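See structure below.
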Amino acid sequence: MDAGPTTLRPRVVLGVCGGIAAYKAVEVCRRLVDAGVHVTPVLTDDAIRFVGEVTFSALASEPVQRSLWDESSPIPHTALGQGADLVVVVPATAHTIARYAAGLSDDLLTATLLATRAPVLVCPAMHTEMWEHPSVRDNLATLERRGVDIVPPESGRLAGGDSGEGRLADPGVIVDRVLERLGRAGRPDLLGARVVVSAGGTREALDPVRFITNRSSGKQGHAIAVAAARRGADVTLVTSSPLALPPDVATAVRRIDVESAADMEHAVGAAADGADVVVMAAAVADFRPKRPAGRKLSKEEGIPELVLEPTPDILAGLAARRPPGQLLVGFAAETPDALERGRRKLARKGVDLLVVNDVSAPGTGFDHDTNAVVILGADGSTTEVPLTSKDAVANAVLDRVIAHHNEKRSTT
Ligand code: CTP
């Protein structure tokens, strides 16, 4: 079930009509996707005369929809209308404005407009004479009276070399209005934030068929990546866990599968450049075989001597070279004296938040679906999260991330 706009990426239906300004809808589409919005383009038949369907399908979150009679869905207009957090029409022609005002539903776009209860933004674009025509004015007044938000056109160059009022509002203005309206409707609190999460226990090779690993399942790290994506973040998950992601976020999360600490260091390091938040939930091996064999070791050669060497401390490396404003979150799976050891680790690792996990407590830690943690802040804060689901722990960690970010911003 859709968990609603406060926890999932907001869904916007982008209606495109047949006018020369349709090419600017491409820019609106791209910018909304960049801002973390899920965009479904719905093009009228006339829009296709101006801009190729492929262009929108390539840039949007899903392929273009055009027909009321699509075989894959018996009632596409109600599905689109009910699922949308907002519908925006860019450009809206005099013809579509008239159809919408009259309650006509003779194509997928107008049917969707009638089937939705979400906010609707209409961005008209047409020649000055049409824009000033009383029928267009009356239709727009009708729509406004019904609660439709009109983004008025600007004055400027029009198709055919004319100049005057009627040019589509700037794509930046339209995108800002969409994001603003989504905010009023409950904009996700991590919208557009770039979040990197590591998860799972790394595997350190002894030979091509054997490795050393630990008991981490990756469940907690995956839960954080999923929760962040549902709260609108742009998520990269670097994982050594085979766990699958739930279908609603599987395509939204950039997943990089790794094996060893060295692979993880490489992938997290690259992803962390430009990230706003890095969460190191992975159980990175502290030691690895110094000289892994290039071929399978055989008993005939006797029992091999296991010589270990330390792995790189990925988190400490990130802390040493982090860009200004980047927030770092570490995890600490401890057994005795969890909190005391956690506080020391927070300072030693140079992180903003450390999620301390007493893995010896019942129902917590490795491979459970539940967890209990204490989130320590570099500002001295302590947030206890008693035994609950790993999803709830994930959201509690993200709540602290947002609170910490806001505190930092207000003090700088
Ligand atoms: N970590 C890391 N690289 C390592 C080891 C750990 O980035 N080579 C990260 C983990 O992902 C976690 C944090 O550091 O976020 C703490 O991991 P932990 O194993 O508890 O700490 P250690 O540095 O290994 O310290 P100790 O062994 O003394 O407990």
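The values are calculated or read from the model by the stated rules, or taken from the named source; none is laboratory data. Just so we're clear, the structure is a prediction, and the values are computed from it rather than from any experiment. Please note: Cβ atoms are built from the backbone with ideal geometry, for glycine as well, and neighbour counts cover all protein chains shown.
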Under 7 Å by Cβ, and 6 or more places apart or on different chains, what pairs join a residue from segment 261-282 that is under 20 Å from A333 (Cβ atoms) with one that is more than 13 Å from the ligand (Cβ to nearest atom) and assigned to a loop (DSSP other than H, G, I, E, B)?
-> V278/Q326
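Conditions (1) surrounded by fewer than 23 Cβ atoms within 10 Å (Cβ to Cβ); (2) on the phi > 0 side of the Ramachandran plot; (3) in contact (Cβ under 8 Å) with a residue 60 or more places away in the chain, marked per residue:
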{"site": "L191", "(1), (2), (3)": "yes, no, yes"}
{"site": "V196", "(1), (2), (3)": "no, no, yes"}
{"site": "G200", "(1), (2), (3)": "no, yes, yes"}
{"site": "V209", "(1), (2), (3)": "yes, no, yes"}
{"site": "N214", "(1), (2), (3)": "yes, no, yes"}
{"site": "G221", "(1), (2), (3)": "no, no, yes"}
{"site": "I224", "(1), (2), (3)": "no, no, yes"}
{"site": "A233", "(1), (2), (3)": "no, no, yes"}
{"site": "T239", "(1), (2), (3)": "no, no, no"}
Scope segment 295-323; condition surrounded by fewer than 16 Cβ atoms within 10 Å (Cβ to Cβ) and touching a strand residue (DSSP E or B) at 6+ places or on another chain (Cβ under 8 Å); matching residues = R295, K296, P304, L306, V307, L308, E309, P310
Residue among G156, G160, G164, G172 that alone is part of a helix (DSSP H, G or I), more than 26 Å from T40 (Cα to Cα) and either aromatic (F, W, Y) or at pLDDT below 95 (or both) | G160
The number of residues in segment 358-377 that are surrounded by 17 or more Cβ atoms within 10 Å (Cβ to Cβ) and at pLDDT 90 or above is 7
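Every residue, every condition in (1) modelled with pLDDT under 95; (2) out of contact with any Gly (no Cβ under 8 Å at 6 or more places or on another chain); (3) among the acidic types (D, E), yes or no:
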site	(1), (2), (3)
V178	yes, yes, no
A185	yes, yes, no
L190	yes, no, no
R210	no, yes, no
R215	yes, no, no
G221	no, no, no
Could you say whether any residue in segment 83-99 is farther than 26 Å from D176 by Cα, assigned to a loop (DSSP other than H, G, I, E, B) and more than 28 Å from the chain's Cα centre (by Cα)?
-> no
Looking at D257, is it surrounded by fewer than 18 Cβ atoms within 10 Å (Cβ to Cβ) and under 22 Å from D34 (Cβ atoms)?
-> no
Could you please let me know if A262 is under 22 Å from D34 (Cα atoms) and assigned to a helix (DSSP H, G or I)?
-> no
Can R341 be described as assigned by TED's automatic domain parsing to the domain that holds K219, at pLDDT below 95 and in contact with a Gly (Cβ under 9 Å, 6 or more places away or on another chain)?
-> no
G103 is checked against (1) on the phi > 0 side of the Ramachandran plot; (2) under 27 Å from the mean Cα position of the chain (by Cα) and fails just one. What number does that condition carry?
-> (2)
Pick from H368, H405: which is in contact (Cβ under 8 Å) with a residue 60 or more places away in the chain and more than 21 Å from A282 (Cβ to Cβ)?
-> H405
